[in-house]
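Student: Structure provided below as structure tokens; questions to follow.
Bear in mind that the values in this text are calculations on the coordinates, not laboratory data. In this text, all values refer to a predicted model and were calculated from it rather than measured experimentally. As a convention, Cβ positions derive from the backbone with ideal geometry for all residues, glycine included, and neighbour counts pool all protein chains shown.
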């Protein structure tokens, strides 16, 4: 009974999302279309980034609520300050692009791509890249 229910749920999920990882892994990855493997990997990385970002934001918000944000290390405070400043700037820039109507990939070199992701993700990626460059 439970196995049939589980199989039925798995089939519905598989129909909704073609790139979901099968429960027991991909049976023959060497025979799989490389583009499908790439899309699966990209989706996994996006989901893991979103989960990590949400977890960090929730823990930071909890620290702020209980009044312990001042106990963060100095480096964390700088990183948070950079991220918030960059997020505000990116949000403002996104609003400008939307007002101007720069939504076409062929007409705008930056606007179209800047609107494809939320500003908090772009800010997090930018700060992580900046830190990577600083330590290399």
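Student: Cα convex hull of the stretch 72-136: how many Å³ per residue?
Tutor: Values: hull volume 5.1 nm³, N = 65.
Spelled out: Cα convex hull of the stretch 72-136, divided by residues, is 78 Å³.
Student: Using Cβ counts within 10 Å as a stand-in for footprinting exposure, how do 106, 76, 129 rank, fewest first?
Tutor: With the fewest neighbours first, 106, 76, 129 line up as 106, 129, 76.
Student: Apply 1/(1 + (r/R0)^6) to the Cβ-Cβ distance of residue 85 and residue 38, taking R0 = 41 Å, and write down the FRET efficiency to the nearest 0.05.
Tutor: On the way: r = 34 Å, r/R0 = 0.82.
That gives a FRET efficiency of 0.75.
Student: On to the next question. With a 10 Å Cβ neighbour count serving as the proxy for reagent exposure, in which order, fewest first, do 85, 91 appear?
Tutor: The most exposed by this proxy come first: 85, 91.
Student: Could you grab the relative contact order for the stretch 29-136? Cα pairs under 8 Å, six or more apart, rounded to a whole percent.
Tutor: Result for the stretch 29-136 is 21 percent.
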